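Reading through the structure tokens given below for one structure.
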Amino acid sequence: MIAVRFRVRGRVQGVGYRAYALRTAEHLHLGGWVRNTADGSVEGEAWGSDAAIATLLEALKRGPSGGRVTEFDHVSIEPRESSDRFEIRRSA
């Protein structure tokens, strides 16, 4: 299992980005979370298999059809949780 922390900037709030991330992660059987931030970006963490994480990261770079990703960053982190549940959390 691997884990990543990600941050997405652009037109990513109010366009269904978190729901898009949730659906994609659930389809890939990943655990983690996603939330809006006060600076207008979206951040989150995800954990699971190498292949599923790679697929999620590619999807997050594209975003939903109504959004526009202008900046996407991610870093590998140590897995801190083992749940296979992905959730939308309250804004930071």
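The values are calculated or read from the model by the stated rules, or taken from the named source; none is laboratory data. None of the values given here were measured: they were computed from a predicted structure. Heads up, the Cβs are rebuilt from the backbone with ideal geometry, glycines too, and the neighbour counts pull from every protein chain shown. We work out accessible area using only protein heavy atoms, side chains counted, and drop any ligands, DNA or RNA first. Shrake-Rupley method; radii C 1.70, N 1.55, O 1.52, S 1.80 Å.
At a glance:
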read-out: Criterion: β-branched (V, I, T) and open to solvent by 30 Å² or more (accessible area, probe 1.4 Å) - qualifying residue of I2, I53; value: I2
read-out: Some residue of segment 63-71 being crowded, with 19+ Cβ neighbours inside 10 Å, under 11 Å from the mean Cα position of the chain (by Cα) and not in a loop (DSSP other than H, G, I, E, B); value: no
read-out: V8 part of a strand (DSSP E or B), among the β-branched types (V, I, T), surrounded by 12 or more Cβ atoms within 10 Å (Cβ to Cβ) and under 12 Å from the mean Cα position of the chain (by Cα); value: yes
read-out: Segment 20-43 - residue that is open to solvent by 40 Å² or more (accessible area, probe 1.4 Å) and in a loop (DSSP other than H, G, I, E, B) and, of those, nearest to D73 (Cα to Cα); value: D39
